[in-house]
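The values are calculated or read from the model by the stated rules, or taken from the named source; none is laboratory data. Treat the numbers as computed from the prediction; the structure is a model and nothing was measured. Heads up, the Cβs are rebuilt from the backbone with ideal geometry, glycines too, and the neighbour counts pull from every protein chain shown. Heads up: the accessible areas ignore ligands, DNA and RNA and are worked out on the full protein's heavy atoms, side chains in. Shrake-Rupley method; radii C 1.70, N 1.55, O 1.52, S 1.80 Å.
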Amino acid sequence: MAETRADEVGLERSLTTPNDPERADSSDQAPLSPNGPSETQNDQHPIILPSDTQTPQFQDLDHIQTNFTTASNKPYSVFTDGQKWFIVIFSALGAIFSPISTNIYVPAIPTLAKAFNTTTEKINLTVTIYLVFQALTPSLWGSAGDSFGRRPVFILLLSIYLLSCIGTALCPTSAYWLLMLMRVLQASGGSALIAIGTGVVADIAMSHERGRYLGLFNLGTTVGPALGPLLGGIFAFTLGWRSIFWFLCIFCACVLIPMIFFFPETLRTLVGDGSLPPPLINCTPAALMRRKRELRELKEKGEDPEQMTSKRVKFNPLASFLLFLEPEIALIFTWSSLYYAFWYAILTVFTTLLEDQYKVNEFVIGLCYLPGGVGAGISGFLTGRIMDIFYQKEKRRVGGDHRHSPDEFKLEKVRFMILPYHIGILLAATIALAWSTQTHTHIAVPIILNFFIGIGTGFLTTTTIYGIDLFTGQGGAVTATFNLIRCALGAVTTSTVQLIVNRMGSGWCFVLLGGICLLATPMPFVILRYGPGWRQKRRESNEEKRSQETNARNVTASTK
């Protein structure tokens, strides 16, 4: 399905180095020989392949010619728009399991407490421990996806998640420890799917179209936290709490099986623009049957597939932690994670507020989460489209994108333009919802406000796109870094918010949490002020490294 286009292009290769995966879009690009660059081109743009000693592979922001590009009008990816939508939709379906599993049984917490003969606090602990492992495991798997390929890691993680759902559904009520263990495995299998899926989007989409694809992908990550309680409430009220995990098991199998047969490898260090035969472990069944024939045809043309791609990026599980040392990443991800924790706090306590103030059952509680999911879905999709419009407008103004015209292109201003509206809506709606439940207004009021809370979650799409713009070749590690920070803060709020509500009331609790978020307001302004300078220093550092490596190669060649 998604690989048909790769067959049509035959052996015409339009590849870019992973250190600059968007170079193929440059309008001033000169044709290069598949056997190597011309002398002039090599002097101007030395070819740098990833080195095992250079980890993590931070993204260069300048453009580099490579010996893999054959024409200036070649597309960034051989996948058609329809195939890209297929890839992104299946990536989003896979990624939805992480957020949906976090709180899918929140409406059934009282039922689970009775079934396992334990306290509500201990059942809440299973939500917290899920968030802890949701923060930690993507750091490992995100880097694995950047190294070994998206497809095998995606399939492995879905398989782990599937088995953990079966284990949870069969968990005896006398074994609370086993419930905790299954939640750990669920988090380990499902949490990194967002990081891998975001890397897929970065592989196939350029900066000016990344908003629409990532907006669609983020539907799962933003709708999931609201859709989870809805489904959990329905199943817990009608079929019992075990049906929640049987549903997740069936849903996961429906995504995993088509992915095994049709989901192509997209990692550019392995398949370039999508037209190179992938390694054996990265092949779909159809690609596996074609692989031998394509390799034979390449050899007949005198081309070596191993020389047409750069070396596999060395697996570095610390890449996500090292990315946090970059100032823009540290500031914007910390700032966004505070608001993510603020959002997750209201999601966690909303069930208790509805049960205590309105005495509704699990089914009604689940329905009350639905408007938030609808709002989050609308916001994620529209935010991506709006960001693409802003980006295209700036690109036309300077005559190039942020990589080809880094000094003129105002990347931070373009990407942050919509952020104040998201944050303003999120803060106002969340605090208003908390006060409306405390004052026991009509139940329609918190339900409507929950919709606007969902609208305010669009900041997640904005933050993720900006991070990928900075380090495109490390889409998995970038998202894992964001996931690490936001889930860590989310775990803190989910474990403490009920205690704060019990002491202060829901209204003042969220006034306090909102005030903490507002204290971080200077962070985006610091990035707006100093971000261009930080990116320029990285460019100069990368140019100096390339110059040193080029001189070293020239010395080695002369001695031979």
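Could you list, in sequence order, the residues of the stretch 92-112 that are open to solvent by 10 Å² or more (accessible area, probe 1.4 Å) and either charged (D, E, K, R) or not in a helix (DSSP H, G or I) (or both)? Within the stretch 92-112, I96 is the sole residue that qualifies. Candidates are the residues of the stretch 262-282 that are without any contact (Cβ under 8 Å) to a residue 40 or more places away in the chain and more than 23 Å from the chain's Cα centre (by Cα); the one that is least open to solvent (accessible area, probe 1.4 Å) is P277. Cβ separations smaller than 9 Å between residues 6+ apart or across chains give the following pairs from the stretch 422-439 residues that are closer than 13 Å to W343 by Cα and open to solvent by 50 Å² or more (accessible area, probe 1.4 Å) to residues that are of a type in the set (S, T, Y) and modelled with pLDDT under 95: I425/S379. The set of residues from the stretch 401-421 being open to solvent by 10 Å² or more (accessible area, probe 1.4 Å) and over 24 Å from S336 (Cα atoms) comprises H404, S405, P406, D407, E408. Checking the stated criteria, I89 turns out to be within 30 Å of D203 (Cα to Cα), under 14 Å from the mean Cα position of the chain (by Cα) and either crowded, with 16+ Cβ neighbours inside 10 Å or touching a residue at least 40 places away in the same chain (Cβ under 8 Å) (or both). Within the stretch 397-417, residues that are under 18 Å from I468 (Cβ atoms) and free of Cβ contacts under 8 Å to residues at least 24 places away in the same chain sit with their Cβ atoms under 7 Å from residues that are open to solvent by 30 Å² or more (accessible area, probe 1.4 Å) and not aromatic (F, W, Y), at 6+ positions apart or across chains, in these pairs: F409/V398. Scanning the stretch 172-229 for residues that are polar (S, T, N, Q) and part of a helix (DSSP H, G or I) returns Q186, S188, T198, S207, N218, T221, T222. Among the residues of the stretch 511-531, those that are assigned to a helix (DSSP H, G or I) and open to solvent by 60 Å² or more (accessible area, probe 1.4 Å) comprise L512, I516, L518, P522, F525, L528, R529, Y530. Would a scan of the stretch 124-132 turn up a residue that is open to solvent by 10 Å² or more (accessible area, probe 1.4 Å) and without any contact (Cβ under 8 Å) to a residue 40 or more places away in the chain? Scanning the stretch 124-132, I find no residue that is open to solvent by 10 Å² or more (accessible area, probe 1.4 Å) and without any contact (Cβ under 8 Å) to a residue 40 or more places away in the chain, so the answer is no.
Being among the hydrophobic types (A, V, I, L, M, F, W, C), within 16 Å of T479 (Cα to Cα) and outside any loop (DSSP other than H, G, I, E, B), is that true of even one residue in the stretch 115-131? Yes, the stretch 115-131 has at least one match. Across the stretch 503-524, a minimum of one residue is classified as under 20 Å from L419 (Cα atoms), under 21 Å from the mean Cα position of the chain (by Cα) and assigned by the TED database to the domain that holds W335.
Within the stretch 146-157, work out how many residues are within 27 Å of F247 (Cβ to Cβ) and under 16 Å from the mean Cα position of the chain (by Cα).
5
With respect to being without any contact (Cβ under 8 Å) to a residue 60 or more places away in the chain, open to solvent by 50 Å² or more (accessible area, probe 1.4 Å) and assigned to a helix (DSSP H, G or I), W508 fits the description. Under the condition of being farther than 15 Å from T430 by Cβ, assigned to a helix (DSSP H, G or I) and open to solvent by 30 Å² or more (accessible area, probe 1.4 Å), the residues counted in the stretch 324-381 number 16.
Restricting the first member to the stretch 470-499 and to residues that are farther than 17 Å from L193 by Cα and open to solvent by less than 10 Å² (accessible area, probe 1.4 Å), and the second to residues that are at pLDDT 85 or above and not in a helix (DSSP H, G or I), the beta-carbon pairs closer than 8 Å and six or more apart or on different chains are L470/E326; F471/E326.
Number of residues in the stretch 305-323 that are open to solvent by 80 Å² or more (accessible area, probe 1.4 Å), at pLDDT 70 or above and of a type outside the set (A, V, I, L, M): the value is 2. Is it the case that L162 is modelled with pLDDT of 80 or more, farther than 30 Å from L323 by Cα and in a helix (DSSP H, G or I)? When the stated conditions are applied, L162 passes them.
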